[in-house]
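The values are calculated or read from the model by the stated rules, or taken from the named source; none is laboratory data. Note that this is a predicted model, so its numbers are computed, not measured. In this analysis, Cβ positions are derived from the backbone assuming ideal geometry, glycine residues included, and neighbour counts consider all displayed protein chains. Note: areas computed on protein heavy atoms with side chains; ligands, DNA, RNA excluded. Shrake-Rupley method; radii C 1.70, N 1.55, O 1.52, S 1.80 Å.
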Amino acid sequence: MNIKNITQPFIKIFPGDLSGNSIQRNTPKVLFSTVAPVGFENPKLIIFNETLSEEIGLGKLEEKDKAFLVGNDLPENIQTYATAYAGHQFGNWAGQLGDGRAILAGEITNESGRKTEIQWKGAGATPYSRHADGRAVLRSSVREYLMSEAMHHLGVPTTRALSLSLTGENVVRDMMYSGNPQEEKGAVVVRTAESFLRFGHFELMGAQKEYKTLKDLVDFTISNYFPQIIHEEEQKYKDFFDEVCKRTADLMVEWYRVGFVHGVMNTDNMSILGLTIDYGPFSMMDEYDLNFTPNTTDLPGRRYAFGKQGQISQWNLWQLANALHPLIEDEKFLEDSLNNFGNYFWNAHDKMLCKKFGFDNLLESDENFFTSWQALMQDLQLDYTLFFNQLEKLDDKTDLKSQFENASYTFLDDENLKKIEHFIKKYKLRLESNTITKEESLQLMGKTNPKFTLRNYLLFECIEEINNGKSEMLDKLTKALENPYKEIFPELSLKRPSNYDDISGCSMLSCSS
Ligand code: AMP
Ligand code: MG
């Protein structure tokens, strides 16, 4: 790998704490602290993403590179660092947070000039570890590696995963915060993104009234990642805010398309580029439920439930707007932008839903149609992915019971079947308003509705296997997630087996990683 080509523009430009001290502390007025990965005696590489490595300009893996992948061997010219950010967690201002278990190597540039940041997750404590150890467990590392890659192949903007290594050391975690801590295998994921900047970076500088650094950070973000913004002065920052709103709304629509619940949409977990970032207690939807949250910490308020993600991202954008206020003094503009977010989001959302149903146009009457669909889904506990897969297979020969009984988590008695029949009648009628052929409509559905989604129970089984030194499931899931619009392994595209209904680490997850 070309690790010698890694550069570090971020730490050349911005104020940082260069002491290299990893003791947890507040680091006012700076955007990063230099800190070294802790180093591991007996690491073992489990997965390497060769395609990604080539794509971003790191090239082929050689035996000697394996030490780099856990932070043991670093090129001489780099100083590794953790960035400082702040954030609102569960609706409250949390002050300084920062990369507590992530350390950045810097960025690599590929042949076409595309730049990609590289960071280790789980390679040791940083000044921002906040009484935690800066380590990650195998369980959460496998989840992050596979889910971020699955999202990429689904076509959803996301950070990506380059490698997964066991560290060879054990880490103690109380998985369900039940007073029952256990030793688990430690792991390091190397992850990549065009940028790991979050809303929280801007909030930190805003809160500390470091307006010069705030302005420099926004200028840096615009010139590197939003080159299409050509205006100057305040208009430049207005364009930037609008663009972040748009990317965030587009991301939310994508999450709804594939049925992804993030679980911890705190502002420190919101990417300024509109990427899915920080895979913790996330889940793909099995049975459709707007109220579903996989995160045990979020159970009381269900703030980050599936159906709230659009609204919460708007709330998060309000916090970003507050942070950017020194650069955009026009409050009316900020308010209008935030109010427009709702219209933009719902319009994009409804157009996306149309595609899932195979409609080529959005009609005014669709609002009613969608509402009756949602009611049916919730009422009959229909599986989000399988329901649309079955819609694609609708014909007049197969009876509805055999079509939908394997897509529902409730028993389909006559009454329930009547509800489906009633809805399908409405659906067929609505299809008649299409201006495209049946074939084109099916094509639209085919590329909008995944056939394979990485359900939590599949991840759970895969982690069990890896813990026992096996990798069959891992290989199979990797193939399946690379081709989510095909049904390569029919046995991986079934509803969640009932024995997984109440298993912790499967139906419910915590943030402990
Ligand atoms: P999260 O809810 O996972 O986004 O984490 C919130 C904050 O806690 C971030 O600043 C993380 O870096 C930090 N954090 C979470 N887990 C750990 C850990 N094991 N070690 C150090 N910091 C952590
Ligand atoms: Mg986070």
What full-extension length gain, to one decimal in nm, is calculated for GLU367 and GLU421 as 0.36 nm per residue of separation minus the Cα-Cα distance? 17.5 nm
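Arrange the peptides 377-389, 419-431, 298-310 so that the one whose residues have, on average, the most other Cβ atoms within 10 Å appears first.
Peptide ranking by packing, descending: 377-389, 298-310, 419-431.
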With only helices counted (DSSP H, runs n ≥ 4, each -39500 (n - 2.57)), the per-residue ellipticity at 222 nm for the chain, to the nearest 500, works out to -12500 deg cm²/dmol
Compute the Cα gyration tensor for region 3-196, then decide on rounded, prolate or oblate, letting a ≥ b ≥ c be the square roots of its eigenvalues: rounded whenever a/c is under 1.5, prolate when a/b is larger than b/c in the other cases, and oblate in all that remain. rounded
Decide, for region 256-378, between rounded, prolate and oblate: order the square roots of the alpha carbon gyration tensor eigenvalues as a ≥ b ≥ c, take rounded if a/c falls under 1.5, and otherwise choose prolate if a/b is larger than b/c, else oblate. oblate
Run the accessible area of the chain with a 1.4 Å probe and give the carbon-and-sulfur part as a rounded percent. 49
If you roll a 1.4 Å probe over the heavy atoms of the protein chains, what accessible area per residue do you get for the chain, in Å²? 42
Tell me which lysines have Cα within less than 19 Å of LYS426's Cα, excluding those fewer than 8 residues away on the same chain? LYS351, LYS355, LYS356, LYS393, LYS397, LYS401, LYS418, LYS438
If the chain between VAL172 and SER19 were fully extended at 0.36 nm per residue, the gain over the current Cα-Cα distance would be 52.2 nm
Heavy-atom accessible area of ASP174 with all protein chains present, probe 1.4 Å, nearest 10 Å²? 40
Test of understanding: express the Cα radius of gyration of region 364-432 as a ratio to 2.2 N^0.38 Å, with N the residue count. 1.04
In Å and from the alpha-carbon atoms only, list the Rg and Dmax of the chain. 23.3, 72
